[in-house]
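Have a look at the structure below, then the notes.
The values are calculated or read from the model by the stated rules, or taken from the named source; none is laboratory data. Keep in mind that what you see is a predicted model, and the values were worked out from it rather than measured. Quick reminder, even Gly has a Cβ in these numbers, built from the backbone with ideal geometry, and neighbours come from all protein chains shown.
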């Protein structure tokens, strides 16, 4: 995430804890665009291989599918969730002021609940506060930073990667599947049902077309449900 301004642009805080001063032309916000932002010739980064994004432009629009003309001459098709718009960032002085003065963004537009074996197990508030079995245990910020008992413990990226204590421990792909050490351990399907090793574990509600809600549920499971194997 962007931490502050620097001589050449912005200081970027990476998921592994490193920081670097980057010029604006090397930074693309990890934000899923709206359909109104995408038209022919829009410059984008588009998902190509795994969770790797490559530069290109929009070639054609067909409903919810977008054909990409990649900068190396290849073409491909991507959904809106697989695009990031290459907009110019505002001047570093402006974003530095925003970092100081702005209020924290809400994480969700309405609270979420996660149920296990028919009983309420976890609750996530609009601001990202997490309760497990009725006790407040941590929180998720809108930027993806995760806190456990008041200490920074990890990061959820917009691409679905889950970082724990500085290491990438897993991810949730666009099909709702959990991956840990390259192995599929479970999934969250479109109706909110949660599966672990092929058996129903519980459910998350409300889940809608927003991939982000599934990501939030996934990171709560990764950090607080030992069954999934991310934490002991």
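List of remarks:
- Residue selected from the range 21-57 under the condition part of a strand (DSSP E or B) and under 11 Å from residue 86 (Cβ atoms), by the criterion modelled with the lowest pLDDT: 53
- Matching residues in the range 132-161 - criterion: being outside any strand (DSSP E or B) and at pLDDT 90 or above: 133, 134
- Test for residue 99: is it in contact with a strand residue (DSSP E or B) (Cβ under 9 Å, 6 or more places away or on another chain) and at pLDDT below 80: yes
- Single unsatisfied condition, residue 132 versus (1) within 23 Å of residue 2 (Cβ to Cβ); (2) in contact with a helix residue (DSSP H, G or I) (Cβ under 6 Å, 6 or more places away or on another chain): (1)
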